[in-house]
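Below is one structure, written out as structure tokens; the observations come after it.
The values are calculated or read from the model by the stated rules, or taken from the named source; none is laboratory data. This is a predicted model, so every value here is computed, not measured. Positions of Cβ are backbone-derived with ideal geometry, glycine not excepted, and every protein chain shown enters the neighbour counts.
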Amino acid sequence: MYFIVDGRNNLQHPTKKHDMIIRWISTGKAKFIGRDIVQVFKKFDRSKTIDCRFIIGLDPGYKNIGYSVFKIYKNQIQNILNGEVLTRTSEITKLISERRMYRRSRRSKHRENILRKFGRAKFKAPRWKNRKKKPWAPTHMHLFQSHLNLLQCIFNRIDYNQSEIVLEHFKFDSQKALDSTVSSWKYQKGPQFGFENVKAYVRARDNYKCQICGEKLLSLSVHHIQERADGGSDRPENLVTLCQSCHLLLHQTLAECPRPSKASPMRDSGVLNSCMNYLVNYISPAYTITGSDTAALRHYYNIEKSHVNDAKVIALSKLDLENFNCQDLSNTVNLKQFRRHTRNCVQRYEDRKYICDGFTVAWNRKSRSTQAESKPSLQEFKQEYPEEKVVAKPGRIIYFRTNSQAKFRPGDIFKHQNINYVLKQWASTQGTVTSETEIKFKIRNCRKIRNNSGLVTTR
């Protein structure tokens, strides 16, 4: 399927006449301006254009967004475009947390230096809290913008004035999912009602006992069963009480966690709930259906559950299909979001290393919380080999290269032996690049044909 643009950038009807497009390109009457967009250097008579309309079905999501585009002409329905978008919304929280970690570390070291040099902390005037509050968190704003970018990508191929949008209005009741009997005033009196915070509730739930040794204390540590760095939450199902000694042993991987995490992820649905009403109002006029209606139609037509199939069902939900002849052109275009700007100066911090007889035998004086078991700390190494002498190699800061210095960036489309690939990650120091299909190529044998455009076609 090819999407046509005339010489004045006016969108025309899409076509599947491959021979005609190749003939125009070979004679210089047209050229490719996108992967499937063709610009034709001729003027079309709009009065002779056949009237048709397009219906866009959208299945909103946190990580995956399904979309489908149908062309309706008389009694014909053609599925001209569909696919799935893999967003990077989940990366936003990790990047903000990492940024906060570096910021706190930088300010802490600065305060330590001031205290060491002058013996007291420098006075800093208080900052008044009179700044304008941002309406949304960065995660919510990115999710909302991802849906708009997808619609803009579709409207670069079809005419906006001939299009209708149908989307699923997502609503999720997290309290109802945990307790099906909750209603009316019970929403205000949940399990944590009457407690100061979630830690107080977890300590009372575990009867102020360490869940490993069974010791009963008032000052207990509240441990995350699944760490937040690995996607864990602060919900009570993911928390457990431990004494100080057991908590230290657990982080040193010398003890096992007493129970597995039972917390089901609800962050995705919570963020999507917050954005849903604003998204519907922003793209109005749009026709909406509920998730239960989508499921009922999918079961009625005996269609498998997927984001693309849901988008198809959503798009056709307002039509009586008995009066139309349906045709699926199987034009699937899957998209993936890539980060376009990397502004951080520091790329990473390298660990402090200890070398013995030319080999690295230990990393850091004490183990980090996320340090691998295969990398012992100096403390652990000395316990096993107390008489061995080691040479310390201080840790260092690896600074990030600017985007202009990098030949390839993630999301770039490059060609190798007349085949197009999408770059998955930054080029390695060994002069190789890795594609989305996990195939490695030498940089000298690759040629970049398009820069990262944010939404990249992965097919």
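Just so you know, in segment 312-337 the residues that are buried (at least 18 other Cβ atoms within 10 Å of the Cβ) and under 30 Å from Arg409 (Cβ atoms) include one that is modelled with the lowest pLDDT, and it is Val333. Checked across segment 212-235, the condition of being surrounded by 17 or more Cβ atoms within 10 Å (Cβ to Cβ), more than 30 Å from Thr93 (Cα to Cα) and touching a strand residue (DSSP E or B) at 6+ places or on another chain (Cβ under 7 Å) holds for at least one residue. Apart from one condition, Phe123 fits all of (1) more than 27 Å from the chain's Cα centre (by Cα); (2) surrounded by 10 or more Cβ atoms within 10 Å (Cβ to Cβ); (3) more than 30 Å from Arg35 (Cα to Cα); the exception is (2).
Quick check on segment 313-328: of everything there that is charged (D, E, K, R) and in contact (Cβ under 8 Å) with a residue 24 or more places away in the chain, which residue is nearest to Gln76 (Cα to Cα)? If you could, list the steps in order and put the result at the bottom.
First pass over segment 313-328, keeping only residues charged (D, E, K, R): 318, 320, 322, 328.
Filter once more, so that each one left must be in contact (Cβ under 8 Å) with a residue 24 or more places away in the chain: 318, 328.
On the way: Lys318: 15, Asp328: 11 Å.
My answer is Asp328.
Counting only residues that are at pLDDT 85 or above, within 26 Å of Gln162 (Cα to Cα) and among the small types (Gly, Ala, Ser), give me the strands (runs of 3 or more DSSP E) lying completely in segment 1-106 with at least 2 of them. Break it down stepwise before answering.
Working: elements: 3-5, 30-32, 37-40, 53-59, 64-73, 76-86.
Fully inside segment 1-106 and qualifying: 64-73.
If you go through segment 291-326 and pick out every residue that is in a helix (DSSP H, G or I) and out of contact with any Lys or Arg (no Cβ under 8 Å at 6 or more places or on another chain), you end up with 17. Every listed requirement among (1) within 13 Å of the chain's Cα centre (by Cα); (2) buried (at least 20 other Cβ atoms within 10 Å of the Cβ) is met by Leu58 save one, (1).
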